[in-house]
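Here's the structure we're looking at; comments come further down.
A short reminder: the numbers here are calculations on the coordinates, not readings from a lab. Since the structure is predicted, the reported quantities are computational estimates derived from the model, not experimental observations. Reconstructed Cβ throughout: ideal geometry from the backbone, glycine too, with neighbour counts over all protein chains shown.
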């Protein structure tokens, strides 16, 4: 299989940047929201600085309103932070590295899986990261004393869920990584998981614990996808008829694997198109060929 390279391609960076956001797909929207939130927070901090006021109280307010608390009582009064924390960054480098990972790995993800899956894995990976963070801070004695004042922010857990999901979905996929050369994406995902575990003893245990939670969700999602427990986190599956995908992955050569995933992607896109049509016109609005296609896939 042809790997994905992190090498810079020769073209205008600004044109590539603007063209990316003009696509308005799931990946560009997720990155745009993260950048927009950071820009707004940063602009307000500039106003505080120029007016001679400290932005400390403002940042505390942002963390209290949008950051996910380790304290369960605090979560009860700010439940929306389960989602919002994954879109909040204070430091530019924190934002930069998360968005670079999301862009690089997200492009690979959308070559083989759907935009809806990207969004749902981002959101639920973030939730999973928070749950591991919250339970750890309320369970382990070494973290109990900092739990009341701890808040979680950043897209790291959500991004790690996406990295792990696509790595285990494409176990033979290779990438060119600076200083390391050509390696399998799955080996990179495992290395990042191990590194996060070893870094729990650092000055940011909550961040690394949330990364582990994101990895766990990404892995479990792909396991369930393989077994057919839930093949796509797609609200359209609520509409009847419901096709039951149960496509088995059979390891083989890299060329055979590439053909398999390309065929699978085309099949899923066709089913999505038919389900879109059902939503608008109803089942009776389908052509005979579309009904036959839907029937065949419902038997797989």
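Provide the gained length on full extension for the span residue 58 to residue 149, in nm with one decimal, where the gain is 0.36 nm per separating residue minus the Cα-Cα distance.
31.2 nm
Order by neighbour count: 23, 174, 45, fewest other Cβ atoms within 10 Å first, most last.
Going from least to most buried by this count: 23, 45, 174.
Taking 0.36 nm per residue of separation and subtracting the Cα-Cα distance, what length does fully extending residue 264 through residue 33 add?
Net length gain for the segment: 80.1 nm.
In which sequence would 132, 37, 159 go, from the one with the fewest C-beta neighbours within 10 Å to the one with the most?
Lowest to highest Cβ neighbour count: 37, 132, 159.
Set the Förster distance to 51 Å, then compute FRET efficiency between residue 184 and residue 50 from the Cβ-Cβ distance, nearest 0.05.
0.55
Take the Cα atoms of the stretch 4-227, find their three principal axes, and give me the spread along each one in whole Å, biggest first.
47, 43, 33
For the stretch 160-227, what does the alpha-carbon gyration tensor say about shape, rounded, prolate or oblate, given a ≥ b ≥ c as the root eigenvalues, a/c under 1.5 as rounded, and a/b over b/c as prolate?
Oblate.
Once label points are set 7 Å from the Cα along Cα→Cβ at both residue 140 and residue 76, what is their separation, rounded to one decimal in nm?
2.6 nm
Find the percent of Cα-Cα distances in the stretch 87-197 that exceed 16 Å, and round it to a whole number.
64 percent
Can you tell me which of 103-115, 160-172 comes out highest on packing, and rank the rest after it, using the mean Cβ neighbours within 10 Å?
160-172, 103-115
Could you tell me how far the Cα centroid of the stretch 56-131 sits from the Cα centroid of the stretch 161-208, in Å?
Distance between centres, Cα-based: 18 Å.
Students often check this: by mean Cβ neighbours within 10 Å, which of 196-207, 48-59, 25-36 ranks highest, and how do the rest follow?
Ranked by mean Cβ neighbours within 10 Å, highest first: 25-36, 196-207, 48-59.
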